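Structure first, commentary second.
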């Protein structure tokens, strides 16, 4: 990948500098850190930056399956004056840019269990798989509708920690969506959605074509580790979403004597030179601010 290729700004200048100018288009970035460390604020900043960079802000897919939501709407409103909405579109409305398709989708209702194979009974695990299969077309519709309206940034939040990512409903679902709806060419996504109605919509599909190689995707994953040092030393399993990401940003707590702080570290950034510097940051009313 050419080092001079246009980068995707995170919306945080100091982090862009750390990334050699920003994220690489057409790649996956994983942000890994414990609950409450600031991942959602970073994701909101990245998505909203699309308004300035692309002419349209990005969109959010929330895979959280238990407890309260991540307060995405409140964060977006307070940090950027940006309103999230969950408006859905019918199949025959997807290609009409005058119809609002929504920019936020929470897939699951809150549950009291973690959605990993280890934490579920056999029946519960297969119930979740069936529930996901019934919702897939609607999720792909949401993603595709945003892309044909000019969104070029997708943030996926709500990944719970799992001992083995391949036993997580959320990780399995995301891998499917990433390859079938994000990285796939636009006309093949449309074929999957419209099916027998594809031919009658093919001209409009071509008119609304977008380049999937220019889309940036940010996955916000929760870790069991809280300390940045523990995250840095954490081994990565081969073949999982985190290991396969082009860019991996770690966010964790730091200790200096009896004082705790927060810092982030770019652990991986394939195809680009980046600094090994650890960046302390704070979360305030303006969002994530690197010190």
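The values are calculated or read from the model by the stated rules, or taken from the named source; none is laboratory data. In this text, all values refer to a predicted model and were calculated from it rather than measured experimentally. Methodologically, a virtual Cβ is constructed for each residue, glycine included, from the backbone with ideal geometry; neighbour enumeration extends over all protein chains shown.
When residue 205 is tested against the conditions (1) buried (at least 19 other Cβ atoms within 10 Å of the Cβ); (2) out of contact with any helix residue (DSSP H, G or I) (no Cβ under 8 Å at 6 or more places or on another chain); (3) assigned to a helix (DSSP H, G or I), the lone failure is (2).
Please verify whether the stretch 245-254 includes one or more residues that are within 24 Å of residue 287 (Cβ to Cβ), surrounded by fewer than 19 Cβ atoms within 10 Å (Cβ to Cβ) and in contact with a helix residue (DSSP H, G or I) (Cβ under 6 Å, 6 or more places away or on another chain). Looking for residues that are within 24 Å of residue 287 (Cβ to Cβ), surrounded by fewer than 19 Cβ atoms within 10 Å (Cβ to Cβ) and in contact with a helix residue (DSSP H, G or I) (Cβ under 6 Å, 6 or more places away or on another chain), one finds at least one in the stretch 245-254, hence yes. Could you please find all residues in the stretch 256-271 being under 21 Å from the mean Cα position of the chain (by Cα) and touching a residue at least 24 places away in the same chain (Cβ under 8 Å)? 263, 264, 265, 266, 267, 269, 270, 271 - these are the residues of the stretch 256-271 that are under 21 Å from the mean Cα position of the chain (by Cα) and touching a residue at least 24 places away in the same chain (Cβ under 8 Å). For residue 138, the criteria (1) part of a helix (DSSP H, G or I); (2) crowded, with 16+ Cβ neighbours inside 10 Å; (3) at pLDDT 75 or above hold in every case but one, which is (2). In the condition set (1) part of a helix (DSSP H, G or I); (2) under 13 Å from residue 219 (Cα atoms), residue 75 is compliant with all but (2). Using the structure shown, decide if residue 248 is free of Cβ contacts under 8 Å to residues at least 40 places away in the same chain and under 22 Å from the mean Cα position of the chain (by Cα). Against the criterion (free of Cβ contacts under 8 Å to residues at least 40 places away in the same chain and under 22 Å from the mean Cα position of the chain (by Cα)), residue 248 does not qualify.
Would you confirm, using the coordinates I've provided, whether residue 162 is more than 25 Å from residue 54 (Cβ to Cβ), modelled with pLDDT under 95 and buried (at least 22 other Cβ atoms within 10 Å of the Cβ)? Criteria met by residue 162. Of everything listed in (1) assigned to a loop (DSSP other than H, G, I, E, B); (2) touching a helix residue (DSSP H, G or I) at 6+ places or on another chain (Cβ under 8 Å); (3) farther than 16 Å from residue 104 by Cβ; (4) at pLDDT 95 or above, the single unmet condition for residue 30 is (1).
Look at (1) touching a residue at least 40 places away in the same chain (Cβ under 8 Å); (2) surrounded by 15 or more Cβ atoms within 10 Å (Cβ to Cβ); (3) in contact with a helix residue (DSSP H, G or I) (Cβ under 7 Å, 6 or more places away or on another chain); (4) closer than 20 Å to residue 14 by Cβ and you find that residue 215 fails only one, number (4).
Yes or no, residue by residue, for (1) surrounded by 13 or more Cβ atoms within 10 Å (Cβ to Cβ); (2) in contact with a helix residue (DSSP H, G or I) (Cβ under 7 Å, 6 or more places away or on another chain); (3) on the phi > 0 side of the Ramachandran plot; (4) touching a residue at least 24 places away in the same chain (Cβ under 8 Å):
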site	(1), (2), (3), (4)
155	yes, yes, no, yes
181	yes, yes, no, yes
195	no, no, yes, no
228	yes, no, no, yes
235	no, no, no, no
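Filtering the stretch 1-27 to residues that are more than 14 Å from the chain's Cα centre (by Cα), part of a loop (DSSP other than H, G, I, E, B) and under 13 Å from residue 264 (Cβ atoms) leaves 12, 19. Criterion applied to 167, 200 was being farther than 26 Å from residue 84 by Cα, surrounded by fewer than 17 Cβ atoms within 10 Å (Cβ to Cβ) and in contact with a helix residue (DSSP H, G or I) (Cβ under 6 Å, 6 or more places away or on another chain), and the one residue passing it is 167.
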